[in-house]
Amino acid sequence: MDKSLFSLFLFFLCLDVYGQNNQPIGAKVAGLSNIIFQEEFKDESKIDLENTKKVGFNFYLSRPFGWPTTRADSLSVKNGVLTIKNPINKAQFDIVSATSKNKGEWVGFAHRGSAYFEASIAFDPDDFDKIPKKSGFPAFWTMSAEHLFETLSSKNKRWYEYLEIDFMEWNPEWHSRSAFIQSIHYWVKDRGKNKRVSMPACYDCPMEGKVIDLGGTINFMQFNTFGILWIPGERIDTYVNDVLVRSVRVSDYPAIESGNDHHFPVILGSGKFPMRVDWVRVWGR
């Protein structure tokens, strides 16, 4: 065999082995074998620090609902790790994998269909005592892009439904310091009662949330992998370091189906609370 062809063969073989060895359990059980989004934070080149809103970036600083754009100096990348510390907190929404280009359009990554979202995250719980109350906490989450970027419609012109999935939120005002919250919000935007563009207004809408207490088995100062398996119309599973810690089925919470046809971006945020992110990946078919 030609040496160049043989070298190419070895290269792709190594890539294949790498992918198989790093495929998380949550992706594997659902047959999601392809990485469809990946950011390793080797540098800042894939973060839209100048707020151009152009194609080609993995994360954007522009925020929805008329919120101020995240400042570039709120982010830093060093030794392959992103640190977020934003002095202007807005619902733990600091960077997002897609952004609005024009009203009703977006650029970037927002996935429709089955997917496994995962991120390697670390933070110092003691930092919570060093910042003002309600000024931020670590969060890894998503929300229907159709709502974020105002593309949703409804047969009923007055309202529409959408979904928010909080993969991981850590706020010791809600739980012990060895725990985190995973929650699913079913939202209804009522144009009649809430004409202004703001965070979701919900009228008699249920939420399915759970405090997941890991006790002494987790050290948040070290990097831990938080993962969510989203299978539209079926279930949402939560994993920590490749261990299943929660499963919510449609039969448990039928409102999950409101997001079946929606696209979901990756959202990271912590406000004034410093959060470190080693990498983010999304697996799909």
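The numbers here are math on the coordinates, done by the rules we state, and not lab data. Computed from a prediction, not measured in an experiment: that's the story for all the values here. Because the Cβ atoms are built from the backbone with ideal geometry, glycine has one as well, and the counts that use them run over all protein chains shown.
If you take the Cα centroid of segment 98-177 and the Cα centroid of segment 215-285, the two points sit 11 Å apart.
Working value for segment 21-89: equivalent-ellipsoid semi-axes of 28, 15, 13 Å, each the square root of 5 times a Cα gyration tensor eigenvalue, largest first.
If R0 is taken as 45 Å, the Cβ-Cβ distance between residue 243 and residue 77 corresponds to a FRET efficiency of 0.95.
With a simple spin-label model that places each label point 7 Å from the Cα along the Cα-to-Cβ direction, the separation between residue 112 and residue 135 comes to 4.2 nm.
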